[in-house]
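A short write-up of the structure that comes next.
Each reported figure results from applying straightforward, stated rules to the coordinates on display, with no laboratory input. Nothing here was measured: the structure is a model prediction, and the numbers come from that model. Every residue, glycine as well, gets a Cβ built from its backbone with ideal geometry; the counts of neighbours run over all protein chains shown.
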Amino acid sequence: MIWLLGLSLVVMLAAAFAVLLLRDLLAAIAAASVVSLALSVLFVILRAPDVALAEAAVGTGLSGVLLAYTVHRLGAAGRYDP
Amino acid sequence: MRGRDLAALLFLAGLGALLASVMAELGFGNPPLRAGGPILEQSPSQVGAANIVTSVVLAYRGMDTLVELTILFTAATAAGMVLGQGTRAGRSQSPAGFILSTAADALFPFLLVLGAYIILHGHLTPGGGFQGGTILAVAFFLPLLAQPNAGIDERITTWVEGSAGAAFLLIALAGLAGDGFMAPFPGGELGELLSAGSLPVLYLALGLKVGAELAGLMGRLLTEDEA
Amino acid sequence: MTSHSDLLGIMFYGAAVALLLIGLYTMLTRRHLIRVLLGLTLVEAGVNLALVAAGFRPEAAAPILGPGAAPAMVDPVPQALILTAIVIGVGILAFALSLVVRIHRTYGSVDLQVIGERLASDPDGTGSEIRRRAP
């Protein structure tokens with residue numbers, strides 16, 4: 001169990017850094033979804049299955065779709081961050 | 001910009017030190033359980049739901065859930081007001097490829113069943129209205145992604161959202177006849193599908209409301225026009 | 001046993017504080033509006049993790065009753081509160097995204113610096129001057 005915990009923590013923090021540093025906005029949104037996914041695994045380890053379900057459904061699915069669709073609507077201006 | 005980055009780093013270092021000292025004071029692995037302890041002991045007899053988190057969300061902290069419904073409703077309404085009147089913006093929407101269309105058609109019934117199952121069993125297993133409602137919203141949004149020109153029927157989503165929210169409020173008000181506002185009704189055996197009194201009905205109304213709200217919001221985001 | 005629990009505490013709380021700080025740094029130093037919103041979601045994720053970790057008891061079970069005697073369980077109250085907080089977070093995100101779309105429609109950019117400059121030259125705040133001047 002401890003390896004799963006360590007792996008999830010490493011993936012979550014690496015993805016959080018990726019949100020900060022990636023220049024392509026769609027890639028940053030994908031990294032934010034990875035953060036939510038690792039966070040839901042951490043919630044399961046913390047014995048909180050309800051919260052893990054909510055985080056997986058809302059953070060990974062709904063947030064990612066909303067953000068990606070808005071970036072698509074913004075067109076060229078929204079895609080890259082100089 | 002370097003100055004601002006440096007100032008941000010200094011501020012965050014200070015904030016990090018403050019938070020670390022708070023966490024050290026909080027301790028880990030030994031929560032005082034001042035409210036949780038009595039709830040864990042008395043919930044099976046008082047509320048009768050196998051999922052104790054559900055009993056906390058709907059019975060012991062029911063007012064929080066009511067306010068949270070209001071917040072969601074306000075956010076969805078405000079988003080609709082900011083976006084303005086939606087037009088069927090078909091000109092910039094190209095129909096999705098073969099994979100997305102086929103996958104959306106194939107996944108729709110499964111997502112519906114999964115969402116309904118999670119909502120209805122919210123008082124027995126992990127899950128409930130919020131999780132299941134989100135899955136229902138996604139189930140109705142996938143075909144919209146595959147076929148953007150179809151659009152989501154705003155009348156149906158607002159009708160479902162309004163009546164589900166009203167049903168939630170009515171059941172909460174009906175608790176006034178018993179122990180007080182939002183008191184759960186007794187009934188059923190622990191662990192059965194028909195148990196925990198009014199909790200499954202409350203979660204059903206909640207799930208439908210959240211699902212309709214999110215589906216309507218996403219549909220509006222899809223069809224708003226570009227000036 | 002105590003040191004094991006301390007190590008777990010450092011890992012969970014440390015990750016939560018790290019998420020919070022990374023998200024705050026993103027919100028403070030980046031200019032793209034969508035990236036600022038991504039930072040906000042990171043901050044909320046950090047706070048949710050910290051609060052759920054605060055209710056954890058090692059060797060305890062999830063707060064779901066099964067057949068048989070009830071074992072020792074973790075604190076259910078933070079879990080219920082964080083459940084609400086997660087859904088509120090997505091509500092806020094949806095509203096903020098609608099604001100971003102509207103800003104882009106009015107000012108033609110999602111870069112905070114460019115928007116600031118165009119705001120300065122906008123007398124009544126509705127972007128009419130911008131639209132009149134730009135093709």
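Annotations
- Shape descriptor for the protein assembly as shown: Rg over Rh equals 0.98 (Cα atoms; Rh from the Kirkwood inverse mean 1/r).
- For chain A, the Cβ-based charge dipole about the Cα centre amounts to some 120 debye (Lys, Arg positive; Asp, Glu negative; other atoms uncharged).
- Relative contact order computed over chain C (Cα-Cα under 8 Å; 6+ residues apart), in percent: 20 percent
- Net +/- balance of residues flanking residue B:115 in space, Cβ distance below 15 Å, scoring K and R +1, D and E -1: 0
- Among C:109, B:9, B:81 - extreme Cα towards positive end, dipole of the protein assembly as shown, charges at beta-carbon: C:109
- Of the DSSP H helices in chain A, those with a Cα length along their own long axis of 27 Å or more and a mean Kyte-Doolittle hydropathy reaching 0.0 comprise A:2-21, A:25-45.
- Under the simplified labelling scheme, the residue C:5-residue B:155 pair shows an inter-label distance of 6.1 nm, with each label point 7 Å from Cα along Cα→Cβ.
- Spatial separation of Cα centroids for the stretch A:10-48 and the stretch C:15-44, in angstrom: 12 Å
- Cα-centre dipole for the protein assembly as shown with unit charges at Cβ (Lys and Arg positive, Asp and Glu negative), debye to 20: 1180 debye
- Whole-number percent relative contact order across the stretch A:5-82, with pairs defined as alpha carbons under 8 Å at least 6 apart: 33 percent
- Ordering A:51, A:75, A:25 by the projection of their Cα atoms onto the charge dipole of chain A, which places +1 on the Cβ of Lys and Arg and -1 on the Cβ of Asp and Glu, puts A:75 at the extreme positive end.
- Projecting the Cα atoms of B:143, B:29, C:62 onto the charge dipole of the protein assembly as shown (Cβ charges, centred on the Cα centre) puts B:143 farthest toward the positive pole.
- Total formal charge among the other residues, if their Cβ is under 14 angstrom from that of residue A:19, Lys/Arg +1 and Asp/Glu -1: 0
- Paramagnetic label reach from residue A:27 (point 7 Å along Cα→Cβ; backbone nitrogen cut-off under 14 Å): within the stretch A:59-82, residues A:79-82.
- Span-rule helices in chain C, defined as complete DSSP H runs reaching 20 Å or more along the axis (Cα) with Kyte mean at least 0.5: C:2-29, C:33-54, C:76-107
- Here r is the Cβ-Cβ distance between residue C:69 and residue B:18 and R0 is 30 Å; the resulting FRET efficiency, rounded to 0.05, is 0.10.
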